[in-house]
Structures are given as C-alpha cells and as structure tokens.
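The values are calculated or read from the model by the stated rules, or taken from the named source; none is laboratory data. This is a predicted model, so every value here is computed, not measured. Neighbour counts run over all protein chains shown; Cβ positions are idealised from the backbone, glycine included. Side chains included, ligands, DNA and RNA excluded: accessible areas come from the protein's heavy atoms. Shrake-Rupley method; radii C 1.70, N 1.55, O 1.52, S 1.80 Å.
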Amino acid sequence: MKKRILIIEDNPMVVKSLAFKLIRDGYEVVTAADGRDAMERLKTERFSLILTDLMLPFISGSQLIEYIKKNIPGVPIIVLSTSNQDDIITDAFNMGVDDFITKPFSPNELSLRVRRTLANTN
Amino acid sequence: MKQQNQSLNRPKILFVENDIELTQRFLQLAKTHHWTIITCPDSMAAIRYLKGNSEPDLLIIEKNAKPMNGFQTSNYLKSELNIQVPVLISHEPNDLDDNEVTTKTMFIETPFSTKSILVIKSTLKNHAQPKPSNDKHYCLNYLKQLSDHNEEFLHTSIQLFSDSISEKLIEIKTALSKKDYKTVREIGHNIKPSFEMLEITNGRDLCDKLVYTATEKEISIVVAQLSTLFYTVNLQLKNDLQKYATL
C-alpha cells in the first residue's frame, strides 16, 4: 500500500512541485493550504509522514507540530523552511521534528530525506 | 544563468559517462553538494542538451566518449557552438599520452573519489565569474530538472506563478495601504520561493529585503520594485508561452 504524505504549505507553486515529485516517487499525496484545513485532516485521516511549512494562515506550523506530537506522536514530520530561518528551524527541532527541507528544495534531496525519514519510522 | 545558479548555491554540472557504475559512483559522491547534475550517456546527448538549454557551470566528459571523444566534444563546443563552459575530461589512471597531457585541458581521474570532488569544487570556484546577462529575467532549468521536462507541469507552474503572485501583490498593496507591515513581510516570505523556483534572483533579493531589512519607510519602494519586476517577468513568460504554443 502506498504511503500517504500530507503536505501543509500555502505557496501553490511549492505544493505543485512537492506533489509532482512525491507522486512520481510512488507516494499518495494529500495537500492542505492552511493550518485549519490541515488540522481537520489530521483529526480525521491517517498519514505516514507530514511535510509542513511553519508560517501558515489561521493555525501556525508550530501549533500543528504541537498537536501532532501530543495526539499522533508516531507520525514523522519534515519542516519546509526558507533560507534565513535558522532560529525557527532550531525551535522546530526542539519540538521534535525529524528533519527539514529548504525551499526551493532539491528534487533528489527531497526523495532521499522522505525515504530516510519513513525508513527510520518503520 | 550562471549567476543565478551560483546564487542559489546550485552550480549545474553536465556529466557525460557511458559506464553506469561510474555514473552512480559520481552521483553518490556528489549528493551532499548542492549541485544540479545532468547526466548523459554519450557526447551527442550532451550536445543536444547544450543546444536546448542554458550553459552548465561545468562539463565533465569521459575521454573515450562516443561518438565524439572528450577532446573532440570540447573543441566542438568551443569552435562550433561558441559555448565556453569549463571542461574536465575524465580518464582512467595512465590513460593519457604525452600529447594529450600538454594541452590546456583539465583532467579528472576515474574511478571517482573524494579527490575528484575537490577538483570539481576548485574548477567551479575558478570559473565562477559573472557572465554577461541575457535579457531574460527568469530561467526554467529548476522546474525542468524537477519534472524531467514535463510540459504540462511547466505550463501549470508558470500559470501558478503568474496567478498567485498577481494575487499576492494585490494583498501586499492592500496591507501597505493599512500600514500593516507585518502582513506585508509575511506575504514577502510566502512568495519568495516562487521567485527562486524561476531563478529570478532579483525577485528573491527583493523578497528578502521586504522580510528582513526594509524599514517601514523603505517598504513601499521595495514593493514597487517587486511589482515592476513581476510585471516584466510576467510579460516575458506570457510571450514565451505563446511562442511555445504555436511551435
């Protein structure tokens, strides 16, 4: 069965690129364009991995990470960051995220990190 | 093009090698570096690539490439296509005769090793001089590489760029009129990757300025610069898409 990945990101170009690459890599991809939509999905659906931006409308990435860690702690999280966000990334790691990817991502790097994170979880 | 790649810390390397194991070994060694690597099995595939795409920052080609060998390909690129890309010719140890060694060509030994990476880094550094820029403000190399030149993906991405940035610039201007600088900076943060994906270096820098350094007094000037840049790029994209559609 295909692994399901939830992408939480509000830049449509980034979403399109991530989804394109991950679908090509053989994953099932679900997207949420803001924190509220993501929260709804997290409450009702199951995912193997979550890729999330931190600055999101309505509910922030940090709040989502907090929710995931408290309610579905086994699900790995990769943070999508932009350059110059060192402090924010450090905070995210302190909250227990598994990895981060800088936007715009390197396609090979994305494949590798997703594969590695999923393997570590299993 | 080169400046844009370098500014993204992602120099582009065209790698020509027919041996799958050597290619895999090279990709393995290179994966921790921020390089965009395009692989070709032979010199004709490499030439076809160079004719249809922007110049890479470095060409690595095996000495015994087919149908033209590494030396012939290098000469052909310089004399016939006027492509001045630095070339590293890969060869097995002791596989060069004296005549070849005295040329000005640069070499790299196989099997590839960490030493090869140092040679490549040094060559990239030595040749990282700015080139005269062309008129295009954008470059599709990143999206092409990501999608393996998938046309539908490219069209959709360009359309998304055009639509989403138009919308966000309206939001920025609305926020600016209310002196809501926090929102202006948040939107700048949101759209920065879109400019980066089309390798629009100026756009990325203006977004950075908007998010991190512009004072409240400067912010409206930066927004105006960003709008002007977007208008220019958008026009180019629309024209290019029309030309593309009629081919």
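Counting other C-beta atoms within 10 Å, and keeping those with at most 10, which DSSP coil GluC sites (Glu not before Pro) do you find in region B:142-240?
Filter output for region B:142-240: B:Glu216.
Step through the table entries B:Lys12/B:Lys66; B:Lys31/B:Lys78; B:Lys31/B:Lys63; B:Lys144/B:Lys182; A:Lys21/A:Lys70, compare each Cα-Cα distance with 25 Å, and write down the pairs that go over it.
B:Lys31/B:Lys78; B:Lys144/B:Lys182; A:Lys21/A:Lys70, as the Cα separations exceed 25 Å there.
Return the loop-located chymotrypsin sites (Phe, Trp or Tyr not before Pro) in region A:1-85 (DSSP other than H, G, I, E, B) with at most 13 other Cβ atoms within 10 Å of their own Cβ; answer none if there are none.
Sparse-neighbourhood loop chymotrypsin sites (Phe, Trp or Tyr not before Pro): A:Phe58.
With a ≥ b ≥ c taken as the square roots of the eigenvalues of the C-alpha gyration tensor of region B:10-79, please select rounded if a/c is under 1.5 and otherwise prolate if a/b is larger than b/c or oblate if it is not?
Oblate is the answer for region B:10-79, as a/c is 1.5 or above yet b/c matches or exceeds a/b.
Would you report the distance distribution of C-alpha pairs in chain B as whole percents per 5 angstrom bin, up to the bin with the largest distance?
Taking every Cα pair in chain B, the percentages come to 1, 6, 12, 15, 15, 13, 11, 9, 7, 5, 3, 2, 1, 0, 0.
In Å² (nearest 100), what accessible area is buried between A and B, both sides summed, heavy protein atoms only, 1.4 Å probe?
That pair hides around 2300 Å² of surface in total.
Among the aspartates and glutamates, select those whose C-alpha is under 12 Å from the C-alpha of B:Lys168, and discard any that sit fewer than 8 residues away in the same chain.
Counting by Cα, and skipping residues close in sequence, B:Lys168 has these aspartates and glutamates nearby: A:Asp10, B:Glu186.
Put +1 on the Cβ of each Lys and Arg and -1 on the Cβ of each Asp and Glu in region B:141-246; which of B:Leu143, B:Thr228, B:Ile165 then has its Cα farthest toward the positive end of the dipole?
My answer, from the dipole projection, is B:Thr228.
What translational diffusion coefficient, in µm²/s and rounded to a whole number, does the Stokes-Einstein relation yield for region B:141-246 at 37 °C and a viscosity of 0.692 mPa s, taking the hydrodynamic radius as the Kirkwood radius over Cα pairs?
Diffusion coefficient, whole number: 229 µm²/s.
Could you check how much of the accessible area of the protein assembly as shown is carbon and sulfur, as a whole percent, using a 1.4 Å probe?
C and S atoms contribute 50 percent here.
In terms of solvent-accessible area of protein heavy atoms at a 1.4 angstrom probe, what is the ranking of A:Lys70, B:Lys178, highest value first?
A:Lys70, B:Lys178
Which one of A:Leu22, A:Ala32, A:Met95 is farthest out on the positive end of the charge dipole of chain A, using unit charges on Cβ (Lys, Arg +1; Asp, Glu -1) and the Cα centre as origin?
Going by the Cα projections, it comes out as A:Leu22.
Mind checking the dipole of region B:2-126: about its Cα centre, +1 per Lys or Arg Cβ, -1 per Asp or Glu Cβ, Debye to the nearest 20?
Value, rounded to 20: 680 debye.
If amide H atoms are built 1.01 Å from N in the plane of the peptide, which residues on other chains or at least 5 residues away come under 5 Å of the amide H of B:Cys40?
B:Phe15, B:Val16, B:Glu17
Tell me the per residue accessible area of region A:4-121 using a 1.4 Å probe; a whole number in Å² is fine.
Accessible area per residue, region A:4-121: 43 Å².
Ordering B:Lys217, A:Lys103, B:Lys179 by accessible area with a probe of 1.4 Å, largest first, what comes out?
Correct descending sequence by accessible area is B:Lys217, B:Lys179, A:Lys103.
How large, in Å, is the protein assembly as shown by the Kirkwood hydrodynamic radius built from its alpha-carbon pairs?
22.5 Å
Please label the shape of region B:2-126 as rounded, prolate or oblate, based on the square roots a ≥ b ≥ c of the eigenvalues of the alpha-carbon gyration tensor (a/c under 1.5 means rounded; beyond that, a/b larger than b/c means prolate, else oblate).
Rounded.
Over all alpha-carbon pairs of region A:4-121, lay out the pair-distance distribution in 10 Å bins, whole %, shortest bin first.
Once binned at 10 Å, the Cα pair distances of region A:4-121 give 14, 53, 32, 1.
Measuring with a 1.4 Å probe in the full set of protein chains, what accessible area per residue, in whole Å², belongs to chain B?
52 Å²
Which value, in debye to the nearest 20, describes the size of the charge dipole of region A:17-72 about its Cα centre when Lys and Arg Cβ atoms bear +1, Asp and Glu Cβ atoms bear -1, and nothing else is charged?
Rounded to the nearest 20 debye, it is 140 debye.
Mean Kyte-Doolittle of at least -0.5 and a Cα length of 27 Å or more along the axis: which whole DSSP H helices of chain B meet both?
Span-like helices here: B:151-177, B:219-246.
Taking a probe of 1.4 angstrom, what is the accessible area of B:Leu27 in Å², to the nearest 10?
Its heavy atoms expose roughly 60 Å² to the probe.
State the three equivalent ellipsoid semi-axes of region A:1-52, derived from the C-alpha gyration tensor as the square roots of 5 times its eigenvalues, in descending order and whole Å.
The equivalent ellipsoid of region A:1-52 has semi-axes of 17, 15, 6 Å.
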